[in-house]
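Any read-out appearing in this document is the output of simple, stated calculations on the displayed coordinates, not a laboratory observation. These numbers were taken from a predicted model, which means no experiment stands behind them. For neighbour counting, all protein chains shown are included, and Cβ atoms are generated from backbone atoms with ideal geometry for every residue, glycine included.
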Amino acid sequence: MKVVRTIDELETAPGTGLVPTMGAFHDGHRALFRAARAENERVVVSLFVNPAQFDEPGDLEAYPRDEARDLAIAEAEGVDVVFAPAELYPKGFATWVVSDVTGAEADSRPGHFRGVATICLKLFNIVRPERAYFGQKDAQQVAVIRRLVRDLDVAVEIRVVPTVRDADGLALSSRNVRLSPEERDRALGLSRALEAALGAPDPVATARAALNGLEPDYVEVLHLGDAMVLAAAVRVGSTRLIDNILLEGEIR
Ligand code: PAF
């Protein structure tokens, strides 16, 4: 496995699958790497904690980082190249991709999707992948990226991989390592509330009522392409967690 630190050193090749990440790998990342490995001749994983998508400075500072562990996991999963640049915003950077896609997550985190859309377009231009892989947990991010690719004619196929959960239902997230044992226990209220709303006549009201005291940023039904998703964000201590479940259709 090659570790590449600069854009100049990164080679492009046909048959490349890209998994964009911010590191702190867990089984959700492993699922993305495996999906990419199964469909592409060459798998590139980008590892860059993108400051532009953090709307709270404390969250950026506290974001978990463990590159040595990440590289070992990527290597074990058969990744060909890890692109881990120190910086991707040249001095005087002044051009942003601003998405008008609306939704609860966009409203709740102003500027977040501008950072995500900009870095993803940069990564697509740098890596030139045929396919790029994202997790269903970030369903609203997927909606923004799909629209970006369509609107700006980017020749990349966006693939969505189902959310990976711990045995008790908690959706895997790099931020979970920040939860104390007591907070992790409370965080379970999120997946349980979404689960409880499956099949309910009013899923939003049912999920809200089942949140077991967790304070929601939002609980909302979102239409993502053909799919209908119940999505929620909550705060557990200083950690913000998101999750969603499919109510109808398929996220493609
Ligand atoms: O989902 C993430 O980890 C990030 O938003 C992404 C897609 C790597 C962009 O920085």
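Things to note:
- Here's the picture: a label point sits 7 Å out from the Cα of E183 along the beta-carbon direction, and within the stretch 235-250 the residues with their amide nitrogen under 11 Å of it are 235-241.
- From the Kirkwood radius over Cα pairs of the stretch 112-252, Stokes-Einstein at 4 °C and 1.567 mPa s returns a whole-number translational diffusion coefficient of 81 µm²/s.
- Potential lengthening of the chain between A155 and D27 amounts to 43.3 nm, from the contour at 0.36 nm per residue minus the alpha-carbon distance.
- For the stretch 79-187, the alpha-carbon radius of gyration amounts to 1.23 times the rule-of-thumb value 2.2 N^0.38 Å expected for a compact globular protein.
- Selected from L211, G199, V236, residue furthest toward positive end of dipole (the stretch 159-239; charges at beta carbon): V236
- Counting only Cβ charges, +1 for Lys and Arg and -1 for Asp and Glu, the dipole size of the stretch 58-121 around its Cα centre is about 300 debye.
- Debye equation applied to the C-alpha atoms of the stretch 1-88, log10 I(q)/I(0) at 0.23 Å⁻¹: -1.17
- The chain: angle of helix 27-39 to the longest principal axis, Cα-based, in degrees nearest 10: 50 degrees
- Order of K122, K91, K2 - criterion: other Cβ atoms within 10 Å of each residue's Cβ, fewest first: K91, K2, K122
- Available extension along the chain between D166 and V49 is 39.7 nm, counting 0.36 nm per residue and deducting the alpha carbon span.
- In the stretch 132-214, the alpha-carbon atoms span a convex hull of 124 Å³ per residue.
- Neighbour counting of Cβ atoms within 10 Å sorts the residues S99, S180, fewest neighbours leading, into S180, S99.
- Multiplying each eigenvalue of the alpha-carbon gyration tensor of the stretch 171-240 by 5 and taking the square root yields semi-axes of 22, 14, 10 Å, largest first, rounded to whole angstroms.
- Efficiency of FRET from Cβ geometry, R34 and E250, R₀ 22 Å, rounded to 0.05: 0.65
- Binned Cα-Cα distance frequencies in the chain - 5 Å width, integer %: 1, 6, 13, 17, 20, 18, 13, 8, 3, 1, 0
- Between the stretch 188-231 and the stretch 3-57, the Cα center-to-center distance that results, in Å: 30 Å
- Gain in span if fully extended, A72 to K2, counting 0.36 nm per residue against the direct Cα distance: 24.0 nm
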